[in-house]
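The numbers here are math on the coordinates, done by the rules we state, and not lab data. Note that this is a predicted model, so its numbers are computed, not measured. Here the Cβ is made from the backbone with ideal geometry for all residues, glycine too, and neighbour counts use every protein chain on show.
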Amino acid sequence: MKCVYHPDRDAVGYCGTCGAGVCEACRVMLAGKLYCQPCADLAFAQQEAARTTPRPTPPPGPSLVQPSLLPRVQAPGAVTALVLGIVGFMIWPIGLILGPLAINYANQARDAIAANPMLDGSGMATAGYVLGIVDTIFGALFVLYIIMIFTCAFAAPFW
């Protein structure tokens, strides 16, 4: 078989795209494949276009990792407020001390959650706040009850 572009020369191979016979002078090796000159120019242009064309950027929108799937971190003070509220509720005499502490820690946790919505523990902070109020009230009532008992005991006439 003869070269398509040089009919007086013998072909050394066939173009991998169009199948035309090519001589030694016309042959182009590209990526280990034999091409004729026009097909090699086309293949090279396609490779360059694929390499230099920027990839499309994804449209703006939600990321692949949704915030709801990320691990949530407890707000500092939320667990402490809840524990102080529960312990103060179970042991009334110290509720007068632990109640205000639970309220303080609950307020700190609520402020931290308001500043960073990725923090968790708003339910614990609210429960600690409510239990802190209940502890303080019950603790105050307990102290008043003790005062009333001592007052009545010492105010009664001994005959």
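Points to keep in mind about this one:
- The chain: DSSP helices with Cα axial extent of at least 15 Å and average Kyte-Doolittle hydropathy no lower than 0.0: 78-90, 95-115, 122-155
- Annotation: amide H-H contacts under 5 Å for VAL28 (H modelled 1.01 Å from N, sequence separation of 5 or more, or interchain): TYR35.
- Efficiency of FRET between ALA49 and THR17 - r from beta-carbon atoms, R0 22 angstrom, step 0.05: 0.85
- For the chain, DSSP calls about 75 percent of its internal beta bridges antiparallel.
- Computed helical MRE - 222 nm, the chain, DSSP H runs ≥ 4 contributing -39500 (n - 2.57), nearest 500: -18500 deg cm²/dmol
- For TYR5, residues with placed amide H under 5 Å, excluding near neighbours: CYS23
- In region 72-155, Cα pairs under 8 Å separated by at least six residues give a relative contact order of 39 percent.
- As a proxy for reagent exposure, ranking TYR35, TYR145, TYR5, TYR129 by other Cβ atoms within 10 Å from fewest up yields TYR145, TYR5, TYR129, TYR35.
- ASN107-GLN74 FRET efficiency (beta carbon distance; Förster radius 22 Å; 0.05 resolution): 0.90
- Using a Förster distance of 30 Å, the FRET efficiency for ASP8-ALA31 (Cβ separation, nearest 0.05): 0.50
- In this rough spin-label picture, where each label sits 7 Å from Cα along the Cβ direction, the VAL87-THR126 distance is 2.5 nm.
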